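Reviewing the structure listed below.
Readers should treat all values here as calculations from the given coordinates under stated rules, not as data from a laboratory. Every value quoted in this text rests on a predicted model; they were computed, and no experiment measured them. With ideal geometry, Cβ positions are generated from the backbone for all residues, glycine too; neighbour counts draw on all protein chains shown.
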Amino acid sequence: MRAAFYECDITPPLGENMPGYYRANPAQDVFEPLYAKAVVVEDEGTFAAIVAIDTCEVNPSFHDAISARVKAYTGIDPASVCVHVVHTHKGAPTEHRPEAGQNYDPIYTDVCTRRAADAIILAYKRLQDGVTVKFGSGCVEGISFNRNYVVEGEIRSFSAGGKKHIGMLAGIDPALPVLTFERDGKPIGAIISFACHQDCTGREVNGYSADYSGILAKELKRQYGPEFVSVFMIGTAGDINHIPNDPSVKLPPFWYREMGHILAREAIRVIETDSKPAGEGVAVKKDLIELPRRLLDLDATAQQLEKWARAKDMMRLQNLVYYYKVHHEESDRLWLQAIRIGDACIYVYSGEIYVNFGLKLKERSPFAFNVVVENSNSFGGYIPTPEAFAEESDLYEISLCEGSCHVPEAGDMMTDRLLEFGKALFAEK
């Protein structure tokens, strides 16, 4: 097996708009540089290429432009390329959301796209023989929490405003899977995943930051040397935050840095004491899935507008108006992908996936070693569970808008298709 890693700095100029918020948010500082980090793996002529980009969402043009540039320079088929974003809300300005006052810089976006593709291309040029892969999975608890509450007669996001909490709508995924690549007994890089929304920097950070995954990467370089590259891929974290369920707990400033240190300590433990050989072989399956959209007629839209107007919820009002005006397609096509590296499988969703889908996929997967990630290859918005759409639900993730527009069955449809991919890859081993 051959493999190599490479990373490209993609930190923008100051003043560019940081994505992930429903307002313009120009960067005033650089707290951690932003990167596009890539790994390319090859075995018997079959390639898998992954690039993880320090931004919030997959710009619709990202996937095609990056895949085309990679193919032009390396010959790697777009079906073998995974374009992942780590979902940092203080990342590169690649989103175009006029309803939220966010307009991207086309000049920077073009450079960022080419740099992200170049990370794969330069990893390809550095492919080395004799690389082995190990897999281990740690556990990190106490830094991630499900943000959806069941309260008195309602399902709510975040704090329930003093109402009695009956429970959580779902749990978390504390797993920290680590695929470590070694050559001559020395780690050269790793693929690492964790399920927690990367919006942990707080108001004290008014500039670019890769969030906790950037700190994790720094600590691993400190342990294994400056050439070590960690490709972080965010797990299914559509309903997972870093905010504790206890409203009396106040997180200290720059808490995301402590999160990165905690994750790094566990990743190092896994790499050094709790990893097993993952075998050899590379295979990839990738295809588009067509998902029905939720569309409102004029009367239903008027009812929703009246509801949000009474609640003085300007965010949902502007999102609904924009969605009704701009989007009339009955369905949406999103990429799904599964990547086998040795005896491990990386399942790749588009969109921000509720954690229960990732847990279900790992439980049903034929592989013993599994990594499940979101926010890859295309923009999917939130993909909540059917339970989130209950009549008593007031979750903002189900509010119809560009970032949440699919039918309640969408997550199960995506999970079933990914499971088909996994079973096919397992059968081909």
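Summary table below
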| quantity | calculated |
| --- | --- |
| Share antiparallel - DSSP beta bridges, the chain, percent rounded to 5 | 75 percent |
| Of the GluC sites (Glu not before Pro) in the stretch 196-240, those whose Cβ has at most 15 other Cβ within 10 Å and which sit in DSSP loop | E204, E227 |
| F194 long-range amide H proximity, modeled H, under 5 Å | M233, G235 |
| Rounded to 10°, Cα long-axis angle of helix 212-224 versus longest principal axis of the chain | 20 degrees |
| Proportion of all alpha-carbon pairs of the chain beyond 41 Å (%) | 11 percent |
| Sequence-distant residues sharing a close amide H with A92 (under 5 Å, placed H) | T55, C56 |
| Candidates per GluC sites (Glu not before Pro) in the stretch 1-93, loop by DSSP, up to 11 other Cβ within 10 Å | E44 |
| Counting DSSP beta bridges with both ends in the stretch 339-379, the antiparallel % (nearest 5) | 40 percent |
| The stretch 180-232: trypsin sites (Lys or Arg not before Pro) falling in loop per DSSP and having at most 15 other Cβ within 10 Å | R203 |
| Under 5 Å, built H, 5+ apart or other chain: amide partners of E402 | Y323 |
| Set K186/K285; K285/K362; K218/K285; K71/K276; K362/K423; K71/K286 screened for pairs whose C-alpha atoms are more than 24 Å apart | K186/K285; K218/K285; K71/K276 |
| Note, ³J(HN,Hα) from phi for the stretch 77-82, Karplus 6.51, -1.76, 1.60, rounded to Hz, x at Gly and Pro | 5, x, 5, 9, 9, 10 |
| Degrees, to the nearest 10: 314-326 long Cα axis against longest axis of the chain | 80 degrees |
| DSSP beta bridges in the stretch 180-265 [antiparallel fraction, %, rounded to 5] | 40 percent |
| Rounded Å value of the spacing that divides the Cα centres of the stretch 278-316 and the stretch 49-112 | 20 Å |
| Rounded to the nearest 20 debye, dipole of the chain from Cβ charges on Lys, Arg, Asp, Glu | 740 debye |
| Acute angle (nearest 10 degrees) that the helix 298-310 long axis makes with the longest principal axis of the chain, alpha-carbon atoms | 80 degrees |
